[in-house]
Amino acid sequence: MSTVESRTRKRFPRITSAAFEHPADTQALEAVKRIPILDKVFRKLMELGIERVFRIQLMGQAIHVTPKQCPKIYRLFKEAADILDMHEPDLFLTTNPQVNAFTFGVERPFIVLQSALVDLLDEEELMAVLGHELGHVKCGHVLYRSIAYFLGQIAGRILGLGGMASMGLAVALFEWSRKSELSADRAELLVVQDPDVCLRLHMKLAGGSKAVFSQTDPQEFLRQADTYEELDYSTLNKVYKLLHELSQSHPLPVYRAKEIQNWARSKQYQEILAGRYPTSEPTSGLRTCPHCQSKISPSFFFCPDCGKSART
């Protein structure tokens, strides 16, 4: 983790996840909640105490990041949590050659950074990752993401689900999981408040090499995203893309990079930076979006659900 010059970032007191949730995330989650078998998976998850087991393992074989343990990482973590106006959950650093970070847990969520990720990123990029994972907590993603992880690892064996049932549930959860990443990416941008940092991060997640990163061009990476979209000229290409993405828990890096750049230029993002966003104030006095009928804060001029101007 290389060090970069620190700077003052805006805070968002009492901000709610409605300020930055991606509409596709909200829609996909509603579909997931309607899956009948999900209750069975959730009950089994709780009965087995998976969250407690995982936490015990981490406490014994990972580093628990605190003000006195890895203080530089903790400082970034604390600032990210302060920006999103939330209490920081437990944070662990574990040895793993895979470049990754994840959030797990239902009753008491925790975040895990893997060592390869920390070694690859500079401080701003790592802070973006921490903001991303905190975004999952802020949006209430952790329950269903934990179920997705549980299902992918051991649900087929423990629950005795048939192949098609297990596969169907996994496909639905992964579809939502990919959409949930788009909301967390927005939280990532709100924390670092610099779209170039997010672009660098997603390039590193795609390339994964410090040795060649100085040779990469961010604009070429965004053009690569355009090229990927242009492959849809062929029906066969669309099928191949669908099959490739079907089992992915995250959207493709080129798509994420372009999506977050677009949101950085949006009115919604600018409204949040200006201090106009849904807050955790009492629900009385909420007004209705004239386009999608969603309930929004009186101080919010841009509807986070439909993306249209909330001014009448």
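Ranked highest first by average number of other Cβ atoms within 10 Å, how do 92-103, 238-249 line up?
With the highest mean Cβ count within 10 Å placed first, the list reads 92-103, 238-249.
How would the range 178-223 be classified by its alpha-carbon gyration tensor: rounded, prolate or oblate, with rounded meaning a/c under 1.5 and the a/b versus b/c comparison settling the rest?
Taking the square roots of the gyration eigenvalues as a ≥ b ≥ c, the range 178-223 is prolate.
Could you grab the Rg to Rh ratio for the range 197-294? Cα atoms only, Kirkwood for Rh.
1.11
Of the cross-linked pairs 204/238; 33/179; 10/210; 72/179; 78/258, which ones have a Cα-Cα span greater than 19 Å in the structure shown? Don't skip to the answer; put the middle values down first.
Details: 204/238 26 Å; 33/179 14 Å; 10/210 30 Å; 72/179 31 Å; 78/258 28 Å.
Over 19 Å apart, Cα to Cα: 204/238; 10/210; 72/179; 78/258.
For the ranges 191-199, 116-124, what's the packing order if you count other beta-carbon atoms within 10 Å of each residue, average per peptide, and put the highest first?
Highest to lowest by the protection proxy: 191-199, 116-124.
Show me 68-81, 14-27 ranked by packing, highest mean number of other Cβ atoms within 10 Å first.
Highest mean packing first, the order is 14-27, 68-81.
Collect residues whose amide H, placed 1.01 Å from N in the peptide plane, falls under 5 Å from the amide H of residue 122; neighbours closer than 5 in sequence don't count.
Here 2 satisfy the definition.
Using only the alpha-carbon atoms, what does the range 43-109 span along each of its principal axes? Please give whole angstrom values in decreasing order.
Taking max minus min along each principal axis of the Cα atoms, the range 43-109 gives 37, 29, 23 Å.
Every number in this text was worked out from the coordinates using simple rules, so none of it is lab data. From a predicted model like this one, the values you see are computed outputs, not experimental measurements. Using ideal geometry, Cβ is built from the backbone for each residue, glycine included, and neighbour counts are taken over all protein chains shown.
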